[in-house]
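Reading through the structure tokens given below for one structure.
Just so you know, all these numbers are worked out from the coordinates, no wet-lab data involved. Please read these numbers as outputs of a predicted model, since none were measured by experiment. With ideal geometry, Cβ positions are generated from the backbone for all residues, glycine too; neighbour counts draw on all protein chains shown.
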Amino acid sequence: MDCPHFLKQLDAVFPGSEDHEDPGVREAVAHLSECESCAREFQARGEFDRQIAVRIRDVPVPPEARERLLQQLSRTNPGPSPASTESGSRRPKRLRLWKTLAPIAAVLVVGLIFYMRRDTESHLTMTQVQDSVAKQFADVTFNQYDELPDFTGGFDAAIDDGRWNRVTNSNPRGVDLDEDGKQDAAVYWMNSPVQGVLLVLSPDLVDDPPSSPSPRGPARLYNPVRVAWLPRDSKKVHICVLKRDGDDSDLDRLLRYVIDAMTA
């Protein structure tokens, strides 16, 4: 018999159990002592099963969902058939139980992933962020900024390049970029030398953040004028947005004021 056949038989052996003593898998278990490759694969599968078992136990299942799962189990696995009871073989019964539980386990794992993602910041592409910024800040005026709610985003919204503190206010407002009802960016107003806003995004919000650590590196976008960068040693993307009627000269003037004047 070949290795795939033995590994298929060993699928009936539960990690940490005494199933290896079952006559139906005794030959396959003996094969492990002769085949290093199968032994490693069997060990890896057992470790995977143990990790899945731990994660499934920690999944918060709503009572109504738990009841539906139990009902499904009772329908699909009502108990051992007379034939299996009379034969005295445990292995076929165990395999059928696994086939019943496997889809349910998969559903619970998916539920765990959804639950974990639900309590973390959703991830956006830089294109999605830029589209949202262009939509929400089509007209960058102080009145528009003043109507934003106070920042309560739950992350450190400090500007990671202190030079920008020279041109921004100290109390940011909050904005929801992905429309999930939670603030994921802090917004600072800039009044001099040009008017606009500086957005500091939640850490790791962007899947593909800009590679440039300076606002002078990335390409500029327009309507409104804006540029995005990721400061060195930071996880928070920064976006500078100027008034719609602004142009490159306004942005250059701002950058000279913020960067050059403070490094001269």
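Residue separation of Arg220 and Phe142 scaled by 0.36 nm, minus their Cα-Cα distance, works out to 25.8 nm of gained length.
What is the ratio of the Cα radius of gyration of the range 126-263 to 2.2 N^0.38 Å, with N the residue count, to two decimals?
Details: Rg = 13.4 Å, N = 138, 2.2 N^0.38 = 14.3 Å.
For the range 126-263, the normalised Cα radius of gyration is 0.94.
On full extension, the segment bounded by Ser37 and Arg166 gains 40.1 nm, given 0.36 nm per residue less the C-alpha separation. Close amide H partners of Met190, meaning residues 5 or more places away or on another chain with modelled amide H under 5 Å apart, are Gly196, Val197, Leu198.
Give the calculated FRET efficiency between Glu47 and Thr152 to the nearest 0.05, with a Förster radius of 51 Å applied to their Cβ-Cβ distance. After rounding, the FRET efficiency stands at 0.75. Computed from label points 7 Å out along Cα-Cβ, the spacing between Cys3 and His123 is 3.3 nm. Segment Ala30..Asp207, full-extension length gain: 58.9 nm, with 0.36 nm per residue of separation and the alpha-carbon distance subtracted.
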